[in-house]
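What follows is a set of notes on a single structure, which appears directly below.
The values are calculated or read from the model by the stated rules, or taken from the named source; none is laboratory data. It should be emphasised that the depicted structure is a prediction, and the values quoted were computed from it without experimental measurement. Cβ atoms come from the backbone with ideal geometry, glycine included; neighbour counts cover every protein chain shown. With ligands, DNA and RNA removed, areas are computed over all heavy atoms of the protein, side chains included. Shrake-Rupley method; radii C 1.70, N 1.55, O 1.52, S 1.80 Å.
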Amino acid sequence: MVKEFKMSQERYEELKRELDYSKTTRADEIAELIKEARGFGDLSENSEYDEAKNEQGKLYSRIAELEEILLHAVIVDESEADLDKVSIGCMVTVTNLDTGKLLPVYKVVGSQEADVMARAISEDSPFGKALMGRKVGDEVNVDAPRGVIRYRVEKIER
């Protein structure tokens, strides 16, 4: 089974730009570094050459990863989502039922857009999976390293 990568149109375009840059400008830069490093002599003791080859390996690996993601990308049309249920693209407010604390707003996103620091949670994460398809007032249980945490969906916004 092939994994689908759900994402917004903006994220898809961002990854395409990164792929284009990696295949052209960045690949040329690394090729030039390798060429310069070869000029330093003996390759067996040439740290500049080793470093440039390592960078080239990382770049090729990232290019392959980007191509795989873009090949299996599924663009999520947030305007077609059910407004009453949690889905990709919505903002969700929840209460931790164990502490009674109302948590800051989270945005539910595809796995390629997740960013914990920006409170963008992946629909593939345990928390995201528990929230998907839920309505205001629904209670969910999330398996966490320290045990099960209970939440209640308070608000869903687009």
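For (1) assigned to a helix (DSSP H, G or I); (2) open to solvent by 90 Å² or more (accessible area, probe 1.4 Å); (3) of a type outside the set (Phe, Trp, Tyr), each residue gets a yes or a no:
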| position | (1), (2), (3) |
| --- | --- |
| 2 | no, no, yes |
| 11 | yes, no, yes |
| 25 | yes, no, yes |
| 28 | yes, yes, yes |
| 41 | no, no, yes |
| 48 | yes, yes, yes |
| 51 | yes, yes, yes |
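For (1) free of Cβ contacts under 8 Å to residues at least 12 places away in the same chain; (2) polar (S, T, N, Q); (3) within 24 Å of residue 19 (Cα to Cα), each residue gets a yes or a no:
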{"position": "64", "(1), (2), (3)": "yes, no, yes"}
{"position": "76", "(1), (2), (3)": "no, no, yes"}
{"position": "92", "(1), (2), (3)": "no, no, no"}
{"position": "102", "(1), (2), (3)": "no, no, no"}
{"position": "120", "(1), (2), (3)": "no, no, yes"}
{"position": "140", "(1), (2), (3)": "no, no, no"}
{"position": "144", "(1), (2), (3)": "no, no, no"}
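If you scan segment 83-102, which residues turn out to be open to solvent by less than 30 Å² (accessible area, probe 1.4 Å) and either touching a Gly at 6+ places or on another chain (Cβ under 9 Å) or part of a loop (DSSP other than H, G, I, E, B) (or both)?
86, 87, 88, 89, 90
Looking at segment 130-145, is at least one residue of a type in the set (A, V, I, L, M), closer than 25 Å to residue 72 by Cα and touching a Gly at 6+ places or on another chain (Cβ under 9 Å)?
no
Looking at (1) at pLDDT 90 or above; (2) more than 16 Å from the chain's Cα centre (by Cα), find the lone condition where residue 80 falls short.
Result: residue 80 fails condition (1) only.
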